[in-house]
Amino acid sequence: MEAFDELRGRLILTGDYRLMLDTVHMLLMPRWFFVAIKKQVEALAGPEIARKVYYEAGYEGATLWAQTQIKEASLRGRAVMDQYLRSGSLRGWGRFEIVGFEIAKGTGVFRLYNSAIAEEKGSSKGLVCDHMPGSLAGAFQTILDHEGKNLKVVGRETRCLSKGDPWCEFVVEPFQAESHAI
């Protein structure tokens, strides 16, 4: 439980009941609550709009997280992604693994074992981790921008635990108009 002790040591509940992880304001909620919101957005807006909303929200959130780590923790390059994924794992999203990561090419392959969203959603015919491709692309784009690389990237989910795959897998790659993921 060393990882849990690390997380617990970095959490702060302020005197006015704000939960902080280092310098980042956090919310603590059950995964079923997050999935219930996701289901309602899908029901009200349709699956395509919901997928776009979650992609863009994931992108924006990861961009802010990565910018914070670059500025406040002085992280650079892959260390930013390592920290982002480790933090996500510690916060209960599942266990992340970087399978491939090439800043020069703007490509990355990421696995998520025991995805909290896929497990909570259950069996599905489609891909269900709609926020994660945007999250990974947003964090990666922030790294590229900080490194001065003139690349724009997008993310997509290629495998999903909910579909019966052994893990969820995500690819981040340079943007090409004909293969735009969202």
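The numbers here are math on the coordinates, done by the rules we state, and not lab data. Keep in mind it's a predicted model, so treat the numbers as computed, not measured. Virtual Cβ from ideal backbone geometry, glycine too; neighbours counted across all protein chains shown.
For the pair Thr158 and Leu28, a Förster radius of 35 Å applied to the C-beta separation gives a FRET efficiency near 0.70, rounded to the nearest 0.05. Listed by number, the DSSP H helices of the chain that run 20 Å or longer by alpha-carbon position along their axis and have mean Kyte hydropathy of at least -1.0 are 31-45, 47-72, 131-146.
Of all aspartates and glutamates in the structure, the ones whose alpha carbon falls short of 15 Å from that of Lys105, not counting any fewer than 8 places away in one chain, are Asp145, Glu147, Glu173. Cross-link partners of Lys125 among lysines, defined as those whose alpha carbon lies under 27 angstrom from its own and excluding same-chain residues fewer than eight positions apart: Lys38, Lys39, Lys52, Lys163.
What's the extension gain from Glu147 to Leu13 if we count 0.36 nm per residue and subtract their Cα-Cα distance? Full extension from Glu147 to Leu13 adds 44.8 nm.
Pop the C-beta distance of Ile103 and Ala57 into the FRET formula with R0 = 25 Å and round what comes out to the nearest 0.05.
Efficiency, rounded to the nearest 0.05: 0.50.
So if a site counts as exposed when it's one of the trypsin sites (Lys or Arg not before Pro), its DSSP state isn't H, G, I, E or B, and it has at most 11 other Cβ atoms within 10 Å, what's the longest stretch of the chain without one? Result, exposed sites excluded: 19-124.
What value, in deg cm²/dmol to 500, does the helix sum -39500 (n - 2.57) over DSSP H runs of n ≥ 4 give at 222 nm once divided by the residues of the chain?
So the calculated ellipticity at 222 nm is -15000 deg cm²/dmol.
The relative contact order of segment 1-131, computed from alpha carbon pairs under 8 Å that lie at least 6 residues apart in sequence, is 20 percent.
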